[in-house]
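Following: one structure in structure tokens, then a few remarks.
The values are calculated or read from the model by the stated rules, or taken from the named source; none is laboratory data. It should be emphasised that the depicted structure is a prediction, and the values quoted were computed from it without experimental measurement. Reconstructed Cβ throughout: ideal geometry from the backbone, glycine too, with neighbour counts over all protein chains shown.
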Amino acid sequence: MRVVVAGTGYVGLITGVVLAYIGNKVTCIDVDSNKIDLLNNGQSPIYEKDLDKYLSLARDNLSFTTDNNCYANSDVIIIGVGTPERKDGSANLDYVYNVCDNIVKYANKDVVVVIKSTVPIGTNDDVLEYLSSKRSDINITVASNPEFLAQGTAIHDTLYASRIIVGAEDDKTFDIMRKLYEPLTKDPYNVPYLEMDRRSAEMVKYASNDFLALKISYINEIANLCSKVGANIDDVTKGMSYDKRIGSLFLKPGIGYGGSCFPKDTKALHWLSKINDCELKLVKDCIEINKKQKLVLLDKLREYFKSLKDLKVTILGLAFKPMTDDLREAPSLVNIDMLLDYNANVTVYDPIATSRVEKIYGDKIKYAKTIDDAIMNSDAVLIMTEWQEIKEYNVDNYVKYMNNGKAKVYDGRNCYDPKIMKEKGIYYYSIGR
């Protein structure tokens, strides 16, 4: 099948690579010529496990371009562009409609337009009306096909997806979508395939992401209460996880969620509920809880030191989660901003994302190439990302390298055993323990 994927960010690029790998002829288009140049040279513009490998494996079926003529003669056009939040929390659909304008101009045959970008409920219907009003000479249908990949495991999450959701309103569109994804529904992938109407498919994405965000915020609230009443969140979550109705996933306390999905999608769904006079107060509370949770380490730091002026503070981990260099809504950035506002001296380390942070802060902070260098003569360490390198770090080095041998570690990801840290003479604050 001839497929065009609009957008080479996480969603678009992963989708294009996987669809090419399973046998479709795929062209990925982007307005960013630098990205396209990298991809045409076999290099990925994003850091993602196994992406380089599958770029190579899919090469015979995969091409990259900035030329809108690629929309001609395609059987399926997949829109995978960003839908960033506006100031009021609503989703900005400008990039989606920019693609639609190019489809209107360049498509020359009947085509299925698939919206994989996360969009408010009803957007697929609006897009169909928009496209149909401008091109009555060809038959354009629209399908909703939300993504459920997680950064760091995106290739695996697409090949071995928990489910494929397709929303459409006519049999022909469903037939084309079944053909597109047929290889993934068979061995060795055996991905469940679900069909429904477009609005339900759009809602599945928001309802799923917001539920997971709620689960994270709930356990963070429980962890904060554990700290107050003397309970251990590790034991609490273990006890909860044996209930199959609850499970163990997304029950790990920390300093809040970040990334491109949960923050944006919670705000978008809350906005949508408000304008429909059906405010989701749980989602509203989730947003506020997460905003506050990002600063719990800084709050504890201020309790101990009173003044942060000229304090040497190290942040270990910058990306919002391990195995990615994505900084969107990362707790590290909020904390760097606050530390600089309090005139602290900030040094940072991340195995992947440091160069991206340097583009933001320049010489306002210092950048280390190793954990040892990062914590040298530091007054306090704040752990923001649970990279394996950080989890496996020799904790004796905190005492060895930090200022005057007085190690103070504030761990937002519960990387270490509190008992061991106490035995080493390290002041150690973690979440809910």
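Scan segment 230-245 and give yes if some residue there is surrounded by fewer than 21 Cβ atoms within 10 Å (Cβ to Cβ), assigned to a helix (DSSP H, G or I) and in contact (Cβ under 8 Å) with a residue 40 or more places away in the chain, otherwise no. Checked segment 230-245: at least one residue is surrounded by fewer than 21 Cβ atoms within 10 Å (Cβ to Cβ), assigned to a helix (DSSP H, G or I) and in contact (Cβ under 8 Å) with a residue 40 or more places away in the chain. Here Gly12 meets the list (1) in contact with a Cys (Cβ under 7 Å, 6 or more places away or on another chain); (2) free of Cβ contacts under 8 Å to residues at least 60 places away in the same chain almost entirely, failing just condition (2). Scoring Ser162 on the criteria (1) among the polar types (S, T, N, Q); (2) in a helix (DSSP H, G or I); (3) under 18 Å from the mean Cα position of the chain (by Cα) leaves a single failure, condition (2).
Do you know which of the residues in segment 149-159 that are part of a helix (DSSP H, G or I) and touching a residue at least 40 places away in the same chain (Cβ under 8 Å) is surrounded by the fewest Cβ atoms within 10 Å (Cβ to Cβ)? Applying the filter and picking the extreme gives His156. Residues of segment 363-380 that are within 22 Å of Ile255 (Cα to Cα) and polar (S, T, N, Q): Ser378 alone. Taking helices (runs of 4 or more DSSP H) as the structural unit, those lying wholly within segment 381-426 and holding at least 2 residues that are hydroxyl-bearing (Ser, Thr, Tyr) and more than 24 Å from Leu251 (Cβ to Cβ) correspond to 396-401. Checked against the criterion of being over 25 Å from the mean Cα position of the chain (by Cα), surrounded by 14 or more Cβ atoms within 10 Å (Cβ to Cβ), of a type in the set (Val, Ile, Thr) and not assigned by TED's automatic domain parsing to the domain that holds Pro45, segment 316-334 contains not a single residue that satisfies it.
Residues in segment 120-148 that are under 20 Å from Lys186 (Cα atoms) and surrounded by fewer than 20 Cβ atoms within 10 Å (Cβ to Cβ): Phe148 only. In segment 70-98, the residues that are acidic (Asp, Glu) form Cβ pairs under 8 Å with partners that are assigned to a helix (DSSP H, G or I), at six or more places apart or across chains, as follows: Asp75/Ile176; Glu85/Pro263; Glu85/Lys264; Glu85/Lys267; Glu85/Ala268; Asp88/Trp271. Give me the residue from segment 1-53 that is in a helix (DSSP H, G or I) and of a type in the set (Ser, Thr, Tyr) and, out of that set, surrounded by the fewest Cβ atoms within 10 Å (Cβ to Cβ). Once the filter is applied, the top-ranked residue is Ser33. When the residues of segment 293-327 are filtered to those that are part of a helix (DSSP H, G or I) and touching a Gly at 6+ places or on another chain (Cβ under 8 Å), the one that is farthest from Ala213 (Cα to Cα) is Leu297.
Taken as a whole, the structure places Asp337 among residues that are part of a helix (DSSP H, G or I), closer than 21 Å to Lys300 by Cα, among the acidic types (Asp, Glu) and free of Cβ contacts under 8 Å to residues at least 60 places away in the same chain.
Please determine, by comparing only the residues of segment 162-171 that are among the small types (Gly, Ala, Ser) and touching a helix residue (DSSP H, G or I) at 6+ places or on another chain (Cβ under 7 Å), which one is surrounded by the fewest Cβ atoms within 10 Å (Cβ to Cβ). Step through it out loud before you land on a result.
Let us first name the residues in segment 162-171 that are among the small types (Gly, Ala, Ser), namely 162, 167-168.
Checking which are touching a helix residue (DSSP H, G or I) at 6+ places or on another chain (Cβ under 7 Å) leaves us with 167-168.
Values: Gly167: 27, Ala168: 24.
Among them, the one singled out is Ala168.
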